[in-house]
Structure formats: structure tokens, C-alpha cells
Amino acid sequence: MKLIKMLAMKSRVICGVAALLLLLSTTAMAGFIDFEGDTLGPKANGFTSVGDAGVHFFDTIGTDLRVHPDQTVVTQNLQAPIDDASRIKIVFDTDKSSLNLFFGNDDACCSAPGDRAWLEVFSGATSVGLTSVVMNRNDLTDQSIDISAASFDSALFWYGGAGGTPIALIEAIDNISFTDAVPEPASLALLSLGLAGLGFSRRKQA
């Protein structure tokens, strides 16, 4: 009987830890911005789409942003509409762990074979991830790029050569999706609960 009670206690501890792990895994919420509810036209730096009030967009050269009719697939996108070496900066109010976006306006007239779309994420001023995709150069918003990191609060998107040097091309982005980073204290709480359960089981055995 004593053995059965001890096993039952261990089972409850394991179930409790598993339940907390499931709860923590569901706290990473997803967000999405497609600019469909935004008015067309120029936008100031710091522009926030109606799709998510916690995400802010900037042109790194000047203040040239606009919501523009798209060429394909969707109705509207966000552009840095001057052919210069600018990048689109995305700033998040809360830390994220993944980011995916579609890009277009990769016109063959202003790019070369092998040119790439680049996406870099930052935690504060520190780069924590960098990726790129070779552009198909068809001028349509039909390619995507994604990146993941433990935690980041901003991102840069741009068109550049094989080494990442920006080229003079209008950037256009759309269908932006992202996932919140799970706070580190939650992981610590999970570990503490597991250790506490283990210690309690050992005391019961004694």
C-alpha cells in the first residue's frame, strides 16, 4: 500500500510538471500584419499598422514609407518607395522568437542575378540572427523569408548583393507573421517546480 501511494504521488508530480510545460508552450502567441486595413499613401517613420499596435515600421534613410497597392497575390503592401540603399526597420514592443515576411518589387531592371533579400534580427543593439534568400527578380510579392532566434526586439529587411551590401531598390514587404518569445522566468519556474517535486518524492520515500 505504501508503494502504491508513493507511485501515485510521483505520478501527480509528473502530471503537474507536464501541465505547466504545456501551459508555457502555449504562451508564445502569434501575430500577423497584412496592411489590408490600412489607408493607402505615405506613412511617417514609426508607422503602426491596424494589424498590430505593438509593431512599428521605419525607413532607415529618410522617412519614405507608404502603403501601396500590390502587384500580385494580395491587395496592399508596405514599401520604402525610393530607389536607394535604405532598409525597412521593424521594431517590436515585446520580444519575439520568430519572424516571417513576404517580399516583392525585386525588379530585374534594378538588380542583378544572385542579388538577395536579407533579414537581420537584433536584441537591443546586438545582432542575434542573419539570413538571406536569392531573389527571383520577377517584381512580384511571391517570395518569403524567415528567421528564428531565442529573443529579439527589432529587425532589418533589405535587398543587397551576395555580401549584404544594400542596393538601390524599392523594398516591399507583406504578410508579416511573428511569434512572441517565452520569458526566461517561466523556464526557471518550470525547473523549480520539477526540482521541488523530486525533493518531495524523496522525502516520502524516506
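Throughout, read-outs are computed from the coordinates displayed, never taken from laboratory work. Every value quoted in this text rests on a predicted model; they were computed, and no experiment measured them. Glycine gets a Cβ as well: all are built from the backbone with ideal geometry, and neighbour counts include every protein chain shown.
Maximal additional length on extending the residue 177-residue 100 stretch stands at 27.2 nm, based on 0.36 nm per residue less the C-alpha distance. Taking amide H positions as modeled 1.01 Å from N, with prolines and chain starts lacking one, the residues under 5 Å from residue 140 and 5 or more places away or on another chain are 105, 106. Cα centroids of the stretch 96-152 and the stretch 29-85: 15 Å apart.
For the pair residue 130 and residue 148, the difference between a 0.36 nm per residue extended length and the Cα-Cα distance amounts to 5.6 nm. Could you tell me the calculated FRET efficiency between residue 63 and residue 108, based on Cβ-Cβ distance and R0 = 30 angstrom, to the nearest 0.05? For R0 = 30 Å, the calculated efficiency reads 0.60. Full extension of the chain between residue 28 and residue 167 yields a length gain of 46.5 nm, computed as 0.36 nm times the residue separation minus the alpha carbon distance.
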